[in-house]
Amino acid sequence: MQLDFNHVLTRISDYEKPIVLNHDVVLTRSEAHQFKKGIEIKRDNIVIDGNGHSIDARGKNRIFNVLSKNVVIKNFTFKNGFSEKFGGAIRVAGECKLINCTFENNRAKKGGNDISNGSELSICHCNFSDADGSINNLGTIYLLKDEEHEIKPLISNNGEIKRIIPKHDVSFLINGDKDHIKGALIRIGDKSGFSNDEGACVLEGIEEGKHSLEVSAEHYISFNGNIDVSENNVLFDIQLERLIQRHDIKILVKHKGEPVSDAIVSVGGIKGSTDENGECIFDDVEEGEISVKVNSNEYENQKYTITVSDNKTTFPINLGFTHLITPFPASDEDPYIFASYSHDDANRVFLELKRFHDCGLNIWYDEGIESGLGWQGVVESKLKACTLFIAFISANAVESINVRREIFLAINKKIPVVPIYLEKTELQYGLDLQLSPVQAILKYAMTEEFYVERCRRAFVMYGLMDEE
């Protein structure tokens, strides 16, 4: 089955969607006079797809006369076109794009056996019938870069030749650390769009080549970079780094509903102390999970994990602050030992204190002081009245401001001091200067028997234990 030129003209006149031909087209004898100038295309924005078929003018007439704008003609073989003037197969007086077309045995008496262009013509992946004089150009012809060397020699050129820049629909997938990012703004030049729930966005009609890409999303660091768009490179996966939000936070420390003052609060390694209202403020804390450590000489030390966010900047610490489980009641019966230690070391310190207590020694340590009874004043009075001051030294003790204060006060008041090192420890904050002249007991480096003997000698020296 063959179609005639009138069939094609009717399809063009009734155009609603791209025309796709399913048969070859041949000019009939009765149509020769009607289509002397070719099938006139007067409708803008039209696509005619030959679908691999041929259209044959039988050496009588031109085939197409393009008079309108944005006309796409593709997948045709143009055969035996003829014109007494220019353009044997096609004359372009509007805007036309030819894609995947072949020209065979076309002829024009004055020039341009295959095509005559007087306006704008784009040529993509086409084959022409002659090595010379195939195309007569009085307008502008656009060529693909990789076809310039093949087609330029075929053009009788009194117009202009420019390069076609192919365009592609470019897809983006925008991701964060864990999830797709919805609502990200993607921008290339004057084209922009937003990512959907799956983090996807498509920008249509992006010219092939290198482009500056901008991607921005709330709570993320913007992406600014270059992408290279090509036929085989139209999908880009963009990873955005989450912007670290910072907030001022308040740690509120209470025991049984009452504020706890002078508690040492550590947030991510940054330390502060609570005021009379039990509050401790930290500036510029990063959003997200962070560890909190609370130390108080009155209560058991606690560790927490908090989550800082826009909606959560105040953190009450009410639970877990219970009295230390102590091995025996503190005694200030003269003579007595004052024991200074970090509550982080309570478990191992209490073993030593019980050992000393079982030997009949009186020991005062900070157990049993109720909130509101002037804890600092009680500690100061007990320290000043003691016979011997023992400091259990560790990294925790060095970091404890209360332990440091007690050591400085004991040395200032010329109270005998015996440091017992629970572990090898680097002294800081002035402790090295104060303790270096003092003879210490290095428990961590001694046998159990030698350690017990060294302690016994110290107790005997200061009259707390009789010489055996």
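Nothing in this text is a laboratory measurement; each read-out follows from the coordinates by a stated rule. None of the values given here were measured: they were computed from a predicted structure. Neighbour counts run over all protein chains shown; Cβ positions are idealised from the backbone, glycine included.
Can you give the FRET efficiency for Val452 and Thr305, using 1/(1 + (r/R0)^6), R0 = 45 Å, r = Cβ-Cβ distance, to the nearest 0.05?
Computed FRET efficiency for Val452 and Thr305: 0.65.
Would you give the gap between the C-alpha center of the range 1-39 and the C-alpha center of the range 187-221, rounded to a whole Å?
43
Hey, what did the range 167-239 get for relative contact order, percent, Cα under 8 Å, at least 6 apart?
Numbers: 168 pairs, mean separation 27.7, N = 73.
Relative contact order here is 38 percent.
Can you compute the modelled spin-label distance between Arg405 and Asp248, with each label point 7 Å from Cα toward Cβ, in nm?
Result for the modelled spin labels: 2.6 nm.
Please report, largest first and rounded to whole Å, the three semi-axes of the ellipsoid equivalent to the range 216-285, where each semi-axis is the square root of five times an eigenvalue of the C-alpha gyration tensor.
Details: eigenvalues 477, 19, 14 Å².
Over the Cα atoms of the range 216-285, the ellipsoid semi-axes are 49, 10, 8 Å.
For the chain, what's the relative contact order in percent, using C-alpha pairs closer than 8 Å and at least 6 residues apart?
Values: 1083 pairs, mean separation 27.9, N = 468.
Relative contact order here is 6 percent.
Please give, to one decimal in nm, the separation of the simple spin-label points placed at Asp146 and Glu279, each 7 Å out from Cα toward the Cβ.
Simple spin-label model gives 7.0 nm for this pair.
FRET efficiency for Thr313 and Lys36, Cβ-Cβ distance as r, R0 = 51 Å, nearest 0.05? Mind dumping the intermediate values first?
Working: r = 84 Å, r/R0 = 1.65.
With R0 = 51 Å, the Cβ-Cβ based efficiency is 0.05.
For the chain, take the longest principal axis of its alpha carbons; what is the angle in degrees between that and the long axis of helix 448-461, to the nearest 10 within 0 to 90?
Once rounded, the angle reads 50 degrees.
Which angle between 0 and 90 degrees, to the nearest 10, do you get for helix 401-412 versus the longest principal axis of the chain when only C-alpha atoms count?
Rounded to the nearest ten degrees, it is 30.
With +1 on each Lys and Arg Cβ and -1 on each Asp and Glu Cβ, and nothing else charged, work out how big the dipole of the chain is about its Cα centre, in Debye to the nearest 20. Don't jump to the answer; show the numbers that get you there.
Values: 52 positive and 72 negative charges, 622 e Å.
Using Cβ point charges on Lys, Arg, Asp and Glu, the chain gives about 2980 debye.
For the residue pair Cys359 and Asn226, what label-to-label distance in nm results when each label sits 7 Å from Cα along the Cα-to-beta-carbon direction?
Using points 7 Å along Cα→Cβ, the separation is 7.8 nm.
Take the alpha carbon gyration tensor of the range 337-462, find the square roots of its eigenvalues, order them as a ≥ b ≥ c, and report rounded if a/c is under 1.5; if not, report prolate when a/b exceeds b/c, else oblate.
Numbers: a/c = 1.42, a/b = 1.19, b/c = 1.19.
Judged from the Cα gyration tensor, the range 337-462 comes out rounded (a/c under 1.5).
Taking H placed 1.01 Å from N in the peptide plane, check which residues at least 5 places from Ile164 or on another chain put their amide H under 5 Å from its amide H.
Amide H neighbours of Ile164: Leu143, Leu144, Lys145.
Just the number, please: percent antiparallel of the DSSP beta bridges in the chain, rounded to the nearest 5. Each step should come with its number before you reach the end.
Numbers: 47 of 121 bridges.
So the antiparallel bridges in the chain amount to around 40 percent.
Evaluate the chain: find the radius of gyration of its Cα atoms, find its Kirkwood radius, and give the ratio Rg to Rh. Mind showing how you got there, number by number?
Numbers: Rg = 45.9 Å, Rh = 30.7 Å.
That ratio equals 1.49.
For the range 177-252, what are the per-bin percents of Cα-Cα distances with bins 5 Å wide, up to the bin holding the maximum?
Each 5 Å bin holds this share of Cα pairs: 3, 13, 24, 23, 15, 9, 5, 3, 2, 2, 1, 1, 0.
Pulled fully out, how much extra length does the chain show between Thr10 and Asp177, if you take 0.36 nm times their separation in residues and subtract their Cα-Cα distance?
On the way: separation 167, 0.36 × 167 = 60.12 nm, distance 5.74 nm.
Extending this stretch completely gives an extra 54.4 nm.
Mind checking which lysines have their Cα closer than 29 Å to the Cα of Lys384? Skip sequence neighbours fewer than 8 apart in that chain.
Of all the lysines, those that pass the test against Lys384 - Cα under 29 Å, at least 8 places apart if same chain - are Lys271, Lys354, Lys413, Lys414, Lys424, Lys443.
Please sort 262-272, 445-455, 394-404 by packing, taking for each peptide the average over its residues of neighbouring beta carbons within 10 angstrom, highest first.
On the way: 262-272: 17.6, 445-455: 13.2, 394-404: 20.2.
Descending mean neighbour count gives 394-404, 262-272, 445-455.
Sort the following peptides by mean Cβ neighbour count (other Cβ atoms within 10 Å, averaged over residues), highest first: 288-294, 111-117.
My ranking of the peptides, most packed first, is 111-117, 288-294.
Below 29 Å, Cα to Cα, which lysines can Lys109 reach? Residues fewer than 8 away in the same chain don't count.
Here the lysines satisfying the reach criterion relative to Lys109 are Lys36, Lys37, Lys42, Lys60, Lys69, Lys74, Lys79, Lys85, Lys97, Lys152, Lys162.
From the C-alpha gyration tensor of the range 5-164, pull out the three semi-axes of the equivalent ellipsoid (sqrt of 5λ each), sorted largest to smallest, in whole Å.
22, 17, 14
What is the gain in length, in nm to one decimal, between Val47 and Tyr429 on full extension, counting 0.36 nm per residue of separation less the C-alpha to C-alpha distance?
Going from the current span to full extension adds 129.2 nm.
Which ordering of Phe78, Phe408, Phe86, Phe315 is given by a fewest-first count of other beta-carbon atoms within 10 Å?
Working: Phe78 29, Phe408 14, Phe86 21, Phe315 18.
With the fewest neighbours first, Phe78, Phe408, Phe86, Phe315 line up as Phe408, Phe315, Phe86, Phe78.
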